[in-house]
Amino acid sequence: MKKSSVLLILMCCFGGMFAQQDAMYTHYAFNTLNVNPGYAGSRGLPSITLLHRSQWVGFEGAPNTQTLTFHSPIFNDALGIGATVINDKIGPLNTTSFYLDLSYTMKLTQKMKIAFGLKGGGNFLQNSLNNVTTQDQDLNFFGIANQFNPNIGAGVYLHQESWYVGLSAPRFLENGYTATSSSNIQGEKRHYFFIAGLITDLSDKVQFKPTTFVKATEAAPLEADLTAMFIFNKKLELGVMGRTGDALGALLGYNFSDQLRLGYSFDFSFVNTTGIYNGGSHEVMLRYDFVNQNKYTIHSPRYF
């Protein structure tokens, strides 16, 4: 079983080089800066988000991801700056990513804004593949060298208080991985993302917040996450999520104040073979907005 687990993880890692590669999140609507640099500064005050995801719990070598994002408006909200750090470990592979974001916002109407964003940084790949033993010693990916791949991206983010839509390609460059034999093997693929969401009142005490996250890349089927969240008394949040052809999940969140939100989610795969051997995937998310009475204040709840 142990040997089968390692081989299946390696198939996911290297098969994924031809398909979806970016880490997936059930809390994607709270991790927008990672996929769209136009989001930087859009909350109107400095904001920091921590997210941890344990995927396929109980499966040896399963994906494990930590994300830290920070962004803030500057120059009277005309510009936004942001930074993202991601640590993503899958089996014997560990990728650490660092990115900086810059956005420029224009007012289209009194309430509607459009932001154009740029992202720059890179991914540092480390591996311990030499410690993995299989019966086939000719697998050339055991010779992948540790390396840093720079990258750039861009996005556009259209929003107002009650809804948003965005398009982005956060990593334009399709970097290859260098093997110890000095040859290049298949590497990163360009991803395109579409995001959208809105908030509407169902009653004085209940609000409905549907969101979606659509992912497209070469040699992989179009994938979409659809989430329906219900907010009670602007404090408690309950929701369900579906990922096309892959997973179902549930989300729970609580707003301790206008500044502090804690969230948890659970999802499980109903198609992927690994769903038979694991206890699902768990995420914990913490977001904090910095308020300075002299500069940054919260005039209304921030839902996006």
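T178 - would you say it is in a loop (DSSP other than H, G, I, E, B), β-branched (V, I, T), over 24 Å from A224 (Cα atoms) and modelled with pLDDT under 95?
No: the conditions fail for T178.
Could you list, in sequence order, the residues of region 200-249 that are in a loop (DSSP other than H, G, I, E, B) and touching a residue at least 60 places away in the same chain (Cβ under 8 Å)?
A219, A220, K234
Give region 219-260 a look and list any residue that's among the charged types (D, E, K, R) and closer than 21 Å to T200 by Cβ, or say none.
If the condition is that a residue be among the charged types (D, E, K, R) and closer than 21 Å to T200 by Cβ, then D225, K234, K235, E237, D258 are the ones that fit.
For region 85-105, give me the residue count where each residue is assigned to a strand (DSSP E or B) and touching a residue at least 40 places away in the same chain (Cβ under 8 Å).
9
Surrounded by fewer than 16 Cβ atoms within 10 Å (Cβ to Cβ), among the acidic types (D, E), closer than 18 Å to E161 by Cα and at pLDDT 85 or above: is that true of D289 in this structure? Before you say what the answer is, go through the steps one by one.
On the way: surrounded by fewer than 16 Cβ atoms within 10 Å (Cβ to Cβ): no; among the acidic types (D, E): yes; closer than 18 Å to E161 by Cα: yes; at pLDDT 85 or above: yes.
Here the answer is no, as D289 does not meet what is asked.
L45: more than 12 Å from the chain's Cα centre (by Cα) and either at pLDDT below 90 or closer than 23 Å to A219 by Cβ (or both), yes or no?
no
I'm trying to understand the selection: among the residues of region 58-84, which are in contact with a Pro (Cβ under 9 Å, 6 or more places away or on another chain) and outside any strand (DSSP E or B)?
Within region 58-84, just G61 meets the criteria.
Just give me the residues in region 48-82 being under 17 Å from the mean Cα position of the chain (by Cα) and β-branched (V, I, T), in sequence order.
Selection gives I48, T49, T65, T67, T69.
Considering only residues that are out of contact with any helix residue (DSSP H, G or I) (no Cβ under 9 Å at 6 or more places or on another chain) and outside any loop (DSSP other than H, G, I, E, B), look in region 25-37 and name the one that is nearest to N151 (Cα to Cα).
Of everything passing the filter in region 25-37, P37 is nearest to N151 (Cα to Cα).
The values are calculated or read from the model by the stated rules, or taken from the named source; none is laboratory data. Fair warning: this is a prediction, and the values are worked out from it, not measured in the lab. Because the Cβ atoms are built from the backbone with ideal geometry, glycine has one as well, and the counts that use them run over all protein chains shown.
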